[in-house]
Amino acid sequence: MSTLVRTIEKIRLTVKTQTAAAIAAIIGSVAVPQIFHAIGAVSGLGTALGETFLPMHLPIILAGLLAGPYAGAFAGLFGPLVSFALTGMPGQLMLPFIMTELCIYGASAGILRNVKIPNIAKVLIVQTAGRTIRAAAVLFAVYAIGNESIKIAVIWNSILTGIPGLFLQWSLIPLLMYRIENTKKHEQ
């Protein structure tokens with residue numbers, strides 16, 4: 001029982017820290033994809049690298065894991081919106097679905113922040129939650145609202161196209177979290 005209590009204990013961050021983390025994640029969710037798009041432009045692949053490696057997801061998941069569900073959800077909701085306003089990406093048709101997915105990514109990562117499971121497991125849970133809610137949002141848009149401009153195939157296409165990005169998240173996020181957690185331990 002004491003293990004369960006320790007698992008659920010919250011390490012509280014100030015609102016200022018959470019806000020700073022959310023803003024940093026929003027900046028990262030605009031800047032990091034631009035690096036991938038620039039490489040794509042130089043290599044002749046266009047936006048395919050961004051769609052394949054899912055760079056916008058990285059800062060959002062990290063914000064949730066480091067600063068909690070509010071910072072993660074806020075960054076996930078507004079990161080794509082700010083990116084669209086500044087760069088036109090993601091495209092207007094997919095924007096609400098990506099905002100929904102990343103909001104869930106950030107919130108679920110934040111909920112798992114203090115849970116004592118390996119970081120790779122946290123990433124897998126976050127990915128599953130975000131992709132499931134995105135799929136549900138697409139299905140809702142098509143079947144409940146009657147949106148004819150989006151096709152159901154976008155669900156599977158985004159999953160298949162993004163497999164390298166999922167692998168990138170599986171390797172990079174646990175590594176970054178390990179480094180951050182060990183830095184904190186050495187500072188104490």
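The values are calculated or read from the model by the stated rules, or taken from the named source; none is laboratory data. The structure displayed is predicted, hence computed values, not measured ones. Positions of Cβ are generated from backbone atoms using ideal geometry, with glycine treated the same way; all protein chains shown enter the neighbour counts. Heavy atoms of the whole protein, side chains included, go into the accessibility calculation; ligands, DNA and RNA do not. Shrake-Rupley method; radii C 1.70, N 1.55, O 1.52, S 1.80 Å.
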TODO: For ASN147, enumerate residues with amide H under 5 Å from its amide H, sequence gap 5+ or separate chain, H modeled in the peptide plane.
DONE: VAL142
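Evaluate the charge dipole of the chain about its Cα centre and quote only its size in Debye, nearest 20, assuming +1 on the Cβ of each Lys and Arg and -1 on the Cβ of each Asp and Glu.
Values: 13 positive and 6 negative charges, 127 e Å.
That gives the chain a dipole magnitude of about 600 debye.
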TODO: Name all residues of the stretch 61-97 having a backbone nitrogen under 19 Å from the label point set 7 Å from the Cα of GLU148 along its Cα→Cβ direction, giving them as ranges.
DONE: 93-94
Open item on the list: Given a 10 angstrom Cα cut-off, can you work out which residue in VAL42, VAL138, VAL30 is the most mobile in a GNM of the chain?
Closed with: VAL42
- [ ] Tabulate in residue order the Karplus-calculated ³J(HN,Hα) for the stretch 101-106, using 6.51 cos²θ - 1.76 cosθ + 1.60 with θ = phi - 60°, rounded to whole Hz; enter x for Gly and Pro.
- [x] 4, 6, 4, 5, 4, x
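Leaving out ligands, DNA and RNA, and with a 1.4 Å probe, what % of the accessible surface on the stretch 1-142 is carbon or sulfur? Working shown, then result.
On the way: 5270 of 6980 Å².
In the stretch 1-142, the share of accessible area belonging to carbon and sulfur is 76 percent.
With a 1.4 Å probe and every protein chain left in place, work out the accessible area per residue of the chain in Å², rounded to a whole number.
Working: 10380 Å² over 188 residues.
Value for the chain: 55 Å² per residue.
To the nearest 0.05, what FRET efficiency results for ILE39 and ARG12 with a Förster distance of 30 Å applied to their C-beta separation? Working shown, then result.
Working: r = 39 Å, r/R0 = 1.31.
It comes out at approximately 0.15.
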TODO: Taking 7 Å along the Cα-to-C-beta vector as the label spot, tell me the LEU93-LEU139 distance in nanometres, rounded to one decimal.
DONE: 2.2 nm
Task: J(HN,Hα) series, the stretch 41-51, from Karplus relation 6.51 cos²θ - 1.76 cosθ + 1.60, nearest Hz, glycine and proline x - done: 5, 5, 7, x, 8, x, 7, 4, 5, x, 5
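Under the rule of -39500 (n - 2.57) per DSSP H run of 4 or more residues, summed and divided by the residues of the chain, what mean residue ellipticity at 222 nm is obtained, to the nearest 500 deg cm²/dmol? Numbers along the way, then the final one.
Working: 9 runs with 144 residues, N = 188.
Calculated from helices alone, the mean residue ellipticity at 222 nm is -25500 deg cm²/dmol.
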Open item on the list: Could you give each residue of the stretch 133-144 its phi-based ³J(HN,Hα) in whole Hz, using Karplus coefficients 6.51, -1.76, 1.60 with θ = phi - 60°, and x for Gly or Pro?
Closed with: 5, 4, 4, 4, 5, 5, 4, 4, 4, 6, 8, 8
